[in-house]
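What follows is a short report on a single structure.
The values are calculated or read from the model by the stated rules, or taken from the named source; none is laboratory data. Owing to the predicted nature of the structure, the values given are computational and were not obtained by experimental measurement. In this analysis, Cβ positions are derived from the backbone assuming ideal geometry, glycine residues included, and neighbour counts consider all displayed protein chains. Accessible surface areas use protein heavy atoms only, side chains included; no ligands, DNA or RNA. Shrake-Rupley method; radii C 1.70, N 1.55, O 1.52, S 1.80 Å.
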Amino acid sequence: VSLTGPAAAQPMGFRGPVSGFVYTSRSVRPLLGAPGSALAGPALINGTDWASIAPGGAWALITQAGRSKLMRDLSGPLSAFSPDGLIQRIDRAAWSRDGSYALLYSSSAGQIQRVRFSGGEAFVDAPVSLSAYGTVMALAIDARGQQMAFGTTGTDAAGLYLLAEGQNPMLLAPMAKP
């Protein structure tokens, strides 16, 4: 079958529902289609060293050329910003179930930081140094953003820790590889 004339000039592409977003191959892409049969769409953001997208896609954290930024609503016009006090070179994150909180970690700085998202704004807490605890391998944050957990390895202090708002990390269980 040969397509000539108006039929051949029609743009080829896929349109449909966006079921989420994914970070892959140094880019952030939409997942086009229904869950279970979705395809990665064209890149929305290129040249990304690391990225993490909130549940529902309302927010994203990206690191490009060592600079970390926040982005609102990946389904609309893209705008990136770096709020005052945001740790840099973020390379690990955990989100609360509804995406209203994120726990961020920068391995190069050895710091952890909580961010609260509300009303289209991001509010960052002061960073906490974890360099004395070893290399962070796991992060978690509860739905209300009040309790945070992290697992470390590589030192005698390796283990699973609980970090509650305004308190020092508390060792829950020593372990070599949490």
Close pairs (6 angstrom Cβ cut-off, 6 or more residues apart or separate chains): within 12 Å of Pro178 (Cβ to Cβ) in the range 142-165, open to solvent by 20 Å² or more (accessible area, probe 1.4 Å) and among the charged types (D, E, K, R) anywhere: Thr153/Lys177
Qualifying residue in the range 147-161 (condition: closer than 13 Å to Gln111 by Cα and either outside any strand (DSSP E or B) or open to solvent by 50 Å² or more (accessible area, probe 1.4 Å) (or both)): no
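I'm checking my understanding of the structure. Among residues of the range 48-86 that are of a type in the set (Phe, Trp, Tyr) and within 14 Å of Ala122 (Cβ to Cβ), which one is least open to solvent (accessible area, probe 1.4 Å)? Even if it seems obvious, please write down each step before you answer.
Step one: filter the range 48-86 for residues of a type in the set (Phe, Trp, Tyr), giving 50, 59, 81.
Next, only the ones that are within 14 Å of Ala122 (Cβ to Cβ) stay: 59, 81.
Working: Trp59: 19, Phe81: 55 Å².
My answer is Trp59.
Just the residues that are closer than 17 Å to Phe81 by Cβ and either surrounded by fewer than 17 Cβ atoms within 10 Å (Cβ to Cβ) or among the small types (Gly, Ala, Ser) (or both), please, taken from the range 31-47. Write out each step before concluding.
Here is the first cut: in the range 31-47, the ones closer than 17 Å to Phe81 by Cβ are 44-45.
Once the filter is applied, which keeps residues that are closer than 17 Å to Phe81 by Cβ and either surrounded by fewer than 17 Cβ atoms within 10 Å (Cβ to Cβ) or among the small types (Gly, Ala, Ser) (or both), the range 31-47 yields only Leu44.
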Enumerated strands (runs of 3 or more DSSP E) restricted to the range 18-74, each holding at least 3 residues that are touching a Phe, Trp or Tyr at 6+ places or on another chain (Cβ under 8 Å) and touching a residue at least 12 places away in the same chain (Cβ under 8 Å): 27-32, 50-53, 59-64, 67-72
Any strands (runs of 3 or more DSSP E) falling wholly within the range 87-140 and containing at least 3 residues that are open to solvent by 50 Å² or more (accessible area, probe 1.4 Å): 111-118
Single unsatisfied condition, Ala143 versus (1) exposed (fewer than 15 other Cβ atoms within 10 Å of the Cβ); (2) more than 15 Å from Ala93 (Cα to Cα): (2)
